[in-house]
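Below: one structure, written as structure tokens.
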Amino acid sequence: MSRRAVVIGGSVAGMLAAAALFRSMDEVIVLERDDLPDRPAPRKWLPQARHAHVLLPSGRDAVRELLPVADVHGRLLAAGAREQSLTGTLGFGPQGWYRRWPDVSEDLLVTCCSRDLFDWVLRDAVLGTTPVVVRRAEALSLLGTDQRVTGVRVLAEGLEEDLRADLVVDASGRNSRVEHWLEGLGVTDVPTDEVDSGLVCASRVFRVPRGAENFPLVQVEADPSTARPGRSGALVPIEDGRWLVTLSGTRGAEPTTHPGGFTDFALGLRHPLIGRLISVAEPLSEVFLSRNTRNRRRDFEKAVMPEGLVVLGDAVATFNPVHGQGMSVAALGAQALSRQLRQTDVTAPGFARAVQRAAARSVSAAYAISTSQDQWFPEVVGRAPSLVDRLLSTYMGRLARVATTSYAVSAARSKVAALQAEPSRLLHTELLLATLKGPVMEPLDGPPLTFEESAFVDAMGPLAV
């Protein structure tokens, strides 16, 4: 008997879920209501694509496992994507400038490119190397009962129809209606958590100025310990000799779409380096704003879910985009689906629940990283910090201070941030001892620039702190 899987959503989570499924199913259909471009281009239903995205090494490795023949990573680099070591970025954290370490280990390399390029390369790889089919249609509801989902009711070309499936994967993103659909089947017990700092993101693309072609990723982080609204910024080198700059502010410190205000906001960060760099760069786009940036998690693995349904990607959890976790969490979720397919038949009792539990591990890690900072900003909506949160915050602040001077501590923090190691890794004995001992060098009094970078910055005039 022919077996069919239906994936709702044709973005990163959906395409990777389809890549996980095609070897085990006779037919894999991806439902997408958007018109998918045949080149790197913006999409109507994906406004967050305008902002900075990176693929963490954990996500890169998951994509390689899912699509070993397609060489997605190689295609990205050939199209102009940049690789950047997490220990080689220009990073200004709450405790000061991090030193840059000459580490080219694959475990710490992030891939930098526009979201449009990543989506297109991934989609082209999946559709060009697998029998997956994309169908232009909108999912309206789930078919089945509270015991088993048997398909999806769709709207296609103005007509409704029932599309039967042995497995449905909801990868429809942050605006997923899966909770509403489940209520229609009688499932109402999905636990939900939310931490909303009111973050607003503003992004603009610039042409890289002559002499600054080798500038790395630059990050100026907010300081959640000051009891003031947080402001942060990231300058990400992307394809075609461009910088994608995303500025973010929590409730009370939001950026605007005004072009002059964009540069002023960057100059007003805790360090003005990003603002100085873009002040001499040619803008290539208008300023794009997003307000839907809350941390929100649906604990499907804890609910009594029907068989035949798996939820992945942003439909499970959304994170503060400052941390760049979304695409990698989606890839790790699809990897969990793929590995479970090797062990269990898709129709076996408990299959979907096993996938949901496995995918929840990376979701939990990313959500902990994101909310551990956001919960401290003024007027945050959501759960208040507990005593344990306060103790951990004190420890993590001291750990971050040590990381500005220690490669071992900096690399450990980077592996956790890259979802290569569990957050509990930061509580291991050697890191506890290093944190208690304190910094091993004096803090830097300015950004650790290379000779070439210093020459470019010096040509702009004095860099005031």
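The values are calculated or read from the model by the stated rules, or taken from the named source; none is laboratory data. Everything numeric in this text was worked out from a predicted model, so none of it was measured. Here the Cβ is made from the backbone with ideal geometry for all residues, glycine too, and neighbour counts use every protein chain on show.
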Residue match in the stretch 162-172 (condition: surrounded by fewer than 17 Cβ atoms within 10 Å (Cβ to Cβ) and at pLDDT 95 or above): yes
Yes/no for S370 being assigned to a helix (DSSP H, G or I) and in contact with a His (Cβ under 6 Å, 6 or more places away or on another chain): yes
Hits in the stretch 397-407 - residues which are without any contact (Cβ under 8 Å) to a residue 60 or more places away in the chain and surrounded by fewer than 20 Cβ atoms within 10 Å (Cβ to Cβ): R398
V346 touching a strand residue (DSSP E or B) at 6+ places or on another chain (Cβ under 7 Å), of a type in the set (A, V, I, L, M, F, W, C) and more than 22 Å from S58 (Cα to Cα): yes
Pairs with Cβ under 9 Å, 6+ apart, first in the stretch 203-215 and at positive phi, second surrounded by 14 or more Cβ atoms within 10 Å (Cβ to Cβ) and outside any strand (DSSP E or B): G211/F456
Residue match in the stretch 426-446 (condition: surrounded by fewer than 18 Cβ atoms within 10 Å (Cβ to Cβ), out of contact with any helix residue (DSSP H, G or I) (no Cβ under 9 Å at 6 or more places or on another chain) and not in a loop (DSSP other than H, G, I, E, B)): yes
Candidate set: the stretch 309-350, residues that are within 14 Å of A19 (Cβ to Cβ) and among the polar types (S, T, N, Q); chosen: the one surrounded by the fewest Cβ atoms within 10 Å (Cβ to Cβ): S338
Residues (aliphatic (A, V, I, L, M) and in a strand (DSSP E or B)) located in the stretch 145-171: V149, V152, V154, L155, A156, L159, L163, L167, V168, V169
Subset tally (residues that are within 22 Å of R413 (Cα to Cα) and among the β-branched types (V, I, T)) for the stretch 381-396: 2
Positions within the stretch 378-392 being touching a residue at least 12 places away in the same chain (Cβ under 8 Å), in a loop (DSSP other than H, G, I, E, B) and either under 21 Å from V416 (Cβ atoms) or in contact with a helix residue (DSSP H, G or I) (Cβ under 8 Å, 6 or more places away or on another chain) (or both), in sequence order: V380
Enumeration of residues in the stretch 78-109 that are of a type in the set (A, V, I, L, M), modelled with pLDDT of 95 or more and out of contact with any Cys (no Cβ under 9 Å at 6 or more places or on another chain): A78, L90
Hey, G308 modelled with pLDDT of 95 or more and either of a type in the set (S, T, Y) or farther than 30 Å from A234 by Cα (or both) or not: yes
Qualifying positions in the stretch 43-61 - out of contact with any Cys (no Cβ under 6 Å at 6 or more places or on another chain) and at pLDDT 90 or above: R50, A52, H53, L55, L56, P57, S58, G59, R60, D61
Exclusive hit being surrounded by 19 or more Cβ atoms within 10 Å (Cβ to Cβ) and not aromatic (F, W, Y), set P237, P229, P283, P259: P237
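Residues checked against (1) surrounded by 22 or more Cβ atoms within 10 Å (Cβ to Cβ); (2) within 24 Å of P131 (Cα to Cα):
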site	(1), (2)
A17	yes, yes
A20	yes, yes
D35	no, yes
P40	no, yes
W45	no, no
Pair list, Cβ < 7 Å and 6+ apart or interchain, from the stretch 408-429 residues that are under 19 Å from M441 (Cα atoms) and without any contact (Cβ under 8 Å) to a residue 24 or more places away in the chain to residues that are surrounded by fewer than 20 Cβ atoms within 10 Å (Cβ to Cβ) and of a type in the set (D, E, K, R): A412/R425
Options T188, T226: the member that is closer than 30 Å to L392 by Cβ, modelled with pLDDT under 95 and not hydrophobic (A, V, I, L, M, F, W, C): T226
The stretch 325-345, residues that are in a helix (DSSP H, G or I) and of a type outside the set (G, A, S): M327, V329, L332, Q335, L337, R339, Q340, L341, R342, Q343
Count of residues meeting criterion [in contact (Cβ under 8 Å) with a residue 60 or more places away in the chain, over 23 Å from the mean Cα position of the chain (by Cα) and more than 17 Å from D299 (Cα to Cα)] in the stretch 314-360: 3
Complete set of residues in the stretch 91-144 that are over 19 Å from the mean Cα position of the chain (by Cα), buried (at least 23 other Cβ atoms within 10 Å of the Cβ), outside any helix (DSSP H, G or I) and among the β-branched types (V, I, T): V132
Pair list, Cβ under 6 Å, 6 or more apart: the stretch 176-191 residue on the phi > 0 side of the Ramachandran plot, other residue of a type outside the set (G, A, S) and surrounded by fewer than 21 Cβ atoms within 10 Å (Cβ to Cβ): G186/D146
